[in-house]
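> Before we start, here is the structure in question, set down as structure tokens.
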Amino acid sequence: MSKAPGWQLAQAWKEPGFGKPELAAHLKAKVVRQLGAMTYKLSQLRFAQIGSLLERDGVFRVGECLSCGHILHDRHSLEDVTRGPFTTETPFFDSLIAALKEHAEVLPLSPHCFVAPIPSRGDYESIEQYHKARNLWNDFVTIGNKIDSSDNRLDYIVVADALRNLISVWRSQLPKTDTQSFPLCHADLSINNIYVDDDYNITCIIDWGFSSTVPEAMMLIPPGLPQSRDELNESLVAAFRNGFVSAVSKSTNLERSEIRDNAASILQQRCSWLLTRLLNFDSLNDYSLFAAAWKHTYGHEGDIRAKIVASLCTVVQRN
């Protein structure tokens, strides 16, 4: 096994709020801009099916989905979840929703409690306040075993049910893209698998075990950094977009104008990022992700509760 050139970005880009020096904003932007350009290059690697990239005897092929949303958190044990590979987008999204729903029905949910998001370090001025909030949260969810309670499980089952229509509406709002082939996505990017040199030029990216082909809208999203659940601020999102658009402009692809315009439209949207984290259970605050995706798709937040109640009635009637 060869050694990755450069050094791990995690050595410089630290988790915020833990008393360690922050990486300068312009250096973060430089890294993210390069990731945008790399995302364009990956978007040009197209495959006829949605699934995970598998290698056998030196030959690569698309097999069943081994993405984070399909196998992490013990979801690999869910036998009734269809994992493809898929030739269209709809069954792929249905599969992720089914994995979320079945997870809520039979697997441990810790640490996810839909009505009680986990405290985040960035929400507190001091580390002492953060630790106090975490202790209070632990006490709250411990009383009555809230995390694995039937109420919490039902909340996530209802969310999964509501996501079916939400994702359908959201997809109808996207610009038209190539639905006959699908781009390659790393799918597990973080500061731990990005390597840079002393000038913060990316030298390599490792850990491609979750690399999969995905619908265009699930690939054209900024990464979460420092960890995949952490959303970039607006200036870093802009740097990612600029890197992508710049790479398109430099390409020799005859359709680059259409690619740039469609990609720019998708990149302006936040919903893909929200849905990916929610479906993958890659979040500290699932309710906020769901509420933001709802508002982005339907244009309002006011009737979320009514919709959830209606979905709850539907779920109860089915059972």
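The values are calculated or read from the model by the stated rules, or taken from the named source; none is laboratory data. Quantities reported herein were computed from a predicted structural model and do not represent experimental measurements. Quick reminder, even Gly has a Cβ in these numbers, built from the backbone with ideal geometry, and neighbours come from all protein chains shown.
> List every residue pair whose Cβ atoms lie under 7 Å apart, where the two residues are 6 or more positions apart in sequence or sit on different chains, the first residue falls within region 62-88 and is touching a residue at least 24 places away in the same chain (Cβ under 8 Å) and on the phi > 0 side of the Ramachandran plot, and the second residue, located anywhere, is outside any loop (DSSP other than H, G, I, E, B) and buried (at least 20 other Cβ atoms within 10 Å of the Cβ).
Filtered contacts from region 62-88: His73/His103; Gly84/Ile50; Gly84/Gly51; Gly84/Phe92; Gly84/Ser95.
> Does region 47-68 contain at least one residue that is farther than 18 Å from Phe182 by Cβ and surrounded by 16 or more Cβ atoms within 10 Å (Cβ to Cβ)?
There is no residue in region 47-68 that is farther than 18 Å from Phe182 by Cβ and surrounded by 16 or more Cβ atoms within 10 Å (Cβ to Cβ).
> Would you mind listing the strands (runs of 3 or more DSSP E) fully within region 144-249 where at least 1 residues are within 27 Å of Thr87 (Cβ to Cβ)?
So the answer is 182-185.
> Can you list the helices (runs of 4 or more DSSP H) found entirely within region 18-114 that contain at least 3 residues being modelled with pLDDT of 95 or more and over 15 Å from His186 (Cα atoms)?
So the answer is 25-43, 89-106.
> Out of (1) at negative phi; (2) touching an Asp or Glu at 6+ places or on another chain (Cβ under 7 Å); (3) surrounded by fewer than 20 Cβ atoms within 10 Å (Cβ to Cβ); (4) not polar (S, T, N, Q), what's the single condition that is false for Pro183?
If we test Pro183 against (1) at negative phi; (2) touching an Asp or Glu at 6+ places or on another chain (Cβ under 7 Å); (3) surrounded by fewer than 20 Cβ atoms within 10 Å (Cβ to Cβ); (4) not polar (S, T, N, Q), just (3) comes out false.
> Please work out if Glu15 is of a type outside the set (Lys, Arg) and under 30 Å from Gly122 (Cα atoms).
yes
> Another question, then. Tell me, yes or no, whether region 71-93 has at least one residue that is surrounded by 16 or more Cβ atoms within 10 Å (Cβ to Cβ), under 30 Å from Ser251 (Cα atoms), among the polar types (S, T, N, Q) and touching a strand residue (DSSP E or B) at 6+ places or on another chain (Cβ under 8 Å).
No, region 71-93 contains no residue that is surrounded by 16 or more Cβ atoms within 10 Å (Cβ to Cβ), under 30 Å from Ser251 (Cα atoms), among the polar types (S, T, N, Q) and touching a strand residue (DSSP E or B) at 6+ places or on another chain (Cβ under 8 Å).
> Going by the structure shown, is Arg33 surrounded by 13 or more Cβ atoms within 10 Å (Cβ to Cβ), under 23 Å from Val237 (Cα atoms) and of a type outside the set (A, V, I, L, M, F, W, C)?
Spelling it out, Arg33 is indeed surrounded by 13 or more Cβ atoms within 10 Å (Cβ to Cβ), under 23 Å from Val237 (Cα atoms) and of a type outside the set (A, V, I, L, M, F, W, C).
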